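Enquirer: Below is the structure I would like to discuss, written out as structure tokens.
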Amino acid sequence: MSETDIRVLLATPVAGLAEHLCALLGRAAGDEERGRFTVSVVDSAHAAAVALHESPAAITIVDVGDGGATGMDALGLVASSTAATALVALTSSPEDAVARAAFARGTQECLVAGTVDLEPSRLGRALRGALARSVHDAGGPLATLVELSSDAIVTINRGRLVTRFNAAAERLFGWQASEILGRPVGLLAPPGEREERLAFLQRVLDGETVDAHETARTTRDGRRVIMSVAGSPILDAAGGVTEACLIIRDVTGEVTARLRLTEQQQLLESTQAAGKIGSWAVDRLTGRLDWSAEQYRLMRRDPALGPVRIEELIDLFHPEDRELVLGSFYRDQGFVFEARFIADPQDVRVFRVRAEFVPRAPGQPGRLLGITQDVTEERAEQAARQQAEDQLRRAFDDALVGMAIVDLQGRPLRVNRALCEIFGMSEQALLATTLQALSHAEDRGDDEPVWELLLSGAQQQHVREKRYVHADGHTIWAEVGVSMITDRDGRPLHLVGQIQDITERRARVEELRHLADHDPLTGLLNRRAFGRELDAHITRCQRRGMSGALLMFDLDDFKTHNDTRGHGAGDELLAAVAAGVGARLRASDVTARLGGDEFAVLLPDADRDTALLVAGSLLEQIGAAAGPAAAGALSASIGLVCLARLQEPTPDGVLRAADQALYAAKRAGRNRVAEWSAEVDGRAGVSGPAG
């Protein structure tokens, strides 16, 4: 680029328009002495503002479209960003109102696209005329002064967009001008301060000149500084406010210096009063902390590093205590709290912190002066005692089994929810009675021996099963465990009982035992259980002399009955036979279904005559078991063996003998009783009806 070249900056989002204008400007160059046009293109007014800040252009052409509000705002942004350029508006509208609006925003020329305005010769003259009318030469010295000022100078237009941002502002806020020019001013403030700053800006845009005042602000890198801020409106020729100019200075050091003497005096007094307790001060305006040497020791921090910021300090407390600490430090009043401090994860300390609030001028954040005391060991002892008590209480109250603490007279001192549920009683009702009183009438006497064992020291604990009575009257089976609690000298203090409801468990066990020993169809004993009963009877007889008789019978032609009437009818018949047989026998007699239609009856005390009488009665009962409709159609064959006739009887031997007698009855024509006898040929004698 030669010294006579004229730099033109074109701002348009329309690529075709940019190419067209670049071609026109190339043909509108004119004399070399008058300078050629060299063109740079950006796609927005914001980009133009940034480009002008970095590299000024002699002429800036802004595409304002049809001259609407959006286009005029873009023009205003570029116009306010710098004075060192001639500004030209390019519009598609030939309306005078658009031109007037453009000139009102500081343009030196307004060109209409699609007209003679863009003929190369006329375009060149128009641009040079705009350049001649530009006042950038007069604005240059002012721009230099603004840029060299040690105070931060920021201007904002009515759309709240940043239009000037000098080097001092860059240093103070941590933003580069190229990042913030043409952008919303709210970006300069964190969310917590944005509302306050925008309210101040609006006062200036409303025409108010605001004198310098001090306020705490946060910079981009998170630093808290005290700024002196003043604001003045910038007026146009008609007296209207076009922009707000803010002059800002960092006065943190000055303010701190004014307060240091007072703070040091108060810090000294607090430290002297507290002795070895750490003392500190925090300025709520700046967030600055000052610590005594003891405070550094408590915080496990090297004094050479200085105090941590208040936000960092809060993060050093236990997460569960941070809300308490945060709320205390940001109240405009004194406070006292205890919180856990975690400078070292292996050594968590408990601090008692006390502070007094020292106000500033009305409306300004004040200061806190405080002391810190390490109460870790004291609180650890308290916590250990409380934890032990809480654990014991929870273990007792929340136990899944019933629990009670009982005095030495058997009165409950404390009961848990599970025990109340077991007995169906409220806590008050349980505490008003005794566990002995709740015992089943048949089990009350078994408590006294257990208590004697425990009180004497013969046993420390005892476990047994016993019955209690529920509040609604039903019986509860419970497993009861009782432990004696003594003092350090071994003297009994009270008892702790655990009671678990095992009613359902015992019922299930009994049910399983019954199912294992009984025939599911008839409810009679099965072969295995009958063999056990027979064995027990033989064992008893061996001590006092053998007695009793065994009857074994099955139903005659039961298969035919089953085949003609069906298995269901057969099962019903077997059940009816079992019920009828049971009705003819005594409670001491033992009846079993050995399998199929085969049954056995043990008559423990019967002699031969009694056994024959019972067998005859059973034949009659079995004949009637099918009901009136089948009377006479059902019969049985019975084998009888008197145990006294057997030498060294065994369960298997008795059953074999009865079985031999049964088949003898079958051979003799059925519906009769055959008695086994020890004949040489092993045959049984037969008695009873022939049919």
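Enquirer: Look at residue 674 and say whether it is modelled with pLDDT under 90, surrounded by 15 or more Cβ atoms within 10 Å (Cβ to Cβ) and touching a helix residue (DSSP H, G or I) at 6+ places or on another chain (Cβ under 6 Å).
Expert: no
Enquirer: With assigned by TED's automatic domain parsing to the domain that holds residue 677, modelled with pLDDT under 90, of a type in the set (Gly, Ala, Ser) and closer than 29 Å to residue 646 by Cβ as the only criterion, which of 596, 623, 568 stands out?
Expert: Just a single option satisfies the conditions, and that option is 596.
Enquirer: Sticking with this structure for a sec: Suppose we filter the range 562-575 for residues that are surrounded by fewer than 18 Cβ atoms within 10 Å (Cβ to Cβ) and part of a helix (DSSP H, G or I); how many remain?
Expert: Result for the range 562-575: 9.
Enquirer: Taking the residues in the range 166-215 that are surrounded by 15 or more Cβ atoms within 10 Å (Cβ to Cβ) and either β-branched (Val, Ile, Thr) or in contact with a Leu (Cβ under 6 Å, 6 or more places away or on another chain) (or both) as candidates, determine which candidate is farthest from residue 53 (Cα to Cα).
Expert: 215
Enquirer: Among 472, 501, 517, 487, which is the only one that is surrounded by fewer than 18 Cβ atoms within 10 Å (Cβ to Cβ), touching a helix residue (DSSP H, G or I) at 6+ places or on another chain (Cβ under 8 Å) and not polar (S, T, N, Q)?
Expert: Just one listed residue meets the conditions, 517.
Enquirer: What is the one condition in (1) of a type in the set (Asp, Glu); (2) part of a loop (DSSP other than H, G, I, E, B); (3) touching a helix residue (DSSP H, G or I) at 6+ places or on another chain (Cβ under 7 Å) that residue 347 does not satisfy?
Expert: Just one mismatch for residue 347, condition (3).
Enquirer: Restricting attention to the range 222-245, does a residue exist that is at pLDDT below 85, surrounded by fewer than 15 Cβ atoms within 10 Å (Cβ to Cβ) and over 30 Å from residue 106 (Cα atoms)?
Expert: Yes, there is a match, as at least one residue in the range 222-245 is at pLDDT below 85, surrounded by fewer than 15 Cβ atoms within 10 Å (Cβ to Cβ) and over 30 Å from residue 106 (Cα atoms).
Enquirer: Of a type outside the set (A, V, I, L, M), closer than 21 Å to residue 625 by Cβ and free of Cβ contacts under 8 Å to residues at least 12 places away in the same chain: is that true of residue 564 in this structure?
Expert: yes
Conditions tested, residue by residue: (1) at pLDDT 85 or above; (2) touching a Phe, Trp or Tyr at 6+ places or on another chain (Cβ under 9 Å); (3) polar (S, T, N, Q).
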| residue | (1), (2), (3) |
| --- | --- |
| 421 | yes, no, no |
| 426 | yes, no, yes |
| 431 | yes, no, no |
| 443 | no, yes, no |
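Enquirer: Could you check the range 110-119 and list, in sequence order, the residues that are farther than 17 Å from residue 73 by Cα and not hydroxyl-bearing (Ser, Thr, Tyr)?
Expert: Here is the first cut: in the range 110-119, the ones farther than 17 Å from residue 73 by Cα are 111-119.
Scanning the range 110-119 gives 111, 112, 113, 114, 116, 117, 118, 119.
Enquirer: Given the criterion modelled with pLDDT of 85 or more and touching a helix residue (DSSP H, G or I) at 6+ places or on another chain (Cβ under 6 Å), identify the matching residue among 406, 415.
Expert: Every option except 415 fails the conditions.
Enquirer: Can you tell me which residue within the range 54-66, out of those that are out of contact with any Cys (no Cβ under 9 Å at 6 or more places or on another chain) and buried (at least 18 other Cβ atoms within 10 Å of the Cβ), is nearest to residue 13 (Cα to Cα)? Step through it out loud before you land on a result.
Expert: Restricting attention to the range 54-66, the residues satisfying the condition of being out of contact with any Cys (no Cβ under 9 Å at 6 or more places or on another chain) are 54-63, 65-66.
Add one more test, that the residue is buried (at least 18 other Cβ atoms within 10 Å of the Cβ), and what stays is 57-63, 65.
Working: 57: 19, 58: 21, 59: 18, 60: 15, 61: 12, 62: 10, 63: 8, 65: 10 Å.
Residue satisfying both the conditions and the ranking: 63.
Enquirer: Just give me the residues in the range 456-493 being among the polar types (S, T, N, Q) and touching a Phe, Trp or Tyr at 6+ places or on another chain (Cβ under 8 Å), in sequence order.
Expert: 475
Enquirer: Would you mention how many residues in the range 577-600 are touching a Phe, Trp or Tyr at 6+ places or on another chain (Cβ under 8 Å), assigned to a strand (DSSP E or B) and either under 18 Å from residue 656 (Cβ atoms) or not polar (S, T, N, Q) (or both)?
Expert: Residues that pass the stated criteria total 7.
Enquirer: Name every residue in the range 349-370 that is out of contact with any Asp or Glu (no Cβ under 9 Å at 6 or more places or on another chain) and under 20 Å from residue 279 (Cα atoms), in order of residue number.
Expert: Answer for the range 349-370, where residues must be out of contact with any Asp or Glu (no Cβ under 9 Å at 6 or more places or on another chain) and under 20 Å from residue 279 (Cα atoms): 354, 355, 356.
Enquirer: What do you reckon, is residue 534 closer than 22 Å to residue 669 by Cα, in contact with a Leu (Cβ under 8 Å, 6 or more places away or on another chain), hydrophobic (A, V, I, L, M, F, W, C) and surrounded by 15 or more Cβ atoms within 10 Å (Cβ to Cβ)?
Expert: Considered against the rule, which asks whether it is closer than 22 Å to residue 669 by Cα, in contact with a Leu (Cβ under 8 Å, 6 or more places away or on another chain), hydrophobic (A, V, I, L, M, F, W, C) and surrounded by 15 or more Cβ atoms within 10 Å (Cβ to Cβ), residue 534 comes out as no.
Enquirer: Considering every residue within the range 201-219, establish whether at least one is more than 22 Å from residue 256 (Cβ to Cβ), outside any loop (DSSP other than H, G, I, E, B) and either at pLDDT below 85 or under 44 Å from the mean Cα position of the chain (by Cα) (or both).
Expert: The answer is no; no qualifying residue exists.
Enquirer: Spot the failing condition for residue 539; the list is (1) touching a helix residue (DSSP H, G or I) at 6+ places or on another chain (Cβ under 8 Å); (2) assigned by TED's automatic domain parsing to the domain that holds residue 617, and only one is missed.
Expert: Of everything listed in (1) touching a helix residue (DSSP H, G or I) at 6+ places or on another chain (Cβ under 8 Å); (2) assigned by TED's automatic domain parsing to the domain that holds residue 617, residue 539 misses just condition (1).
The values are calculated or read from the model by the stated rules, or taken from the named source; none is laboratory data. Here the structure is a predicted model, which means the values were calculated and not measured. Every residue, glycine among them, receives a Cβ derived from its backbone with ideal geometry; neighbour counts consider all protein chains shown.
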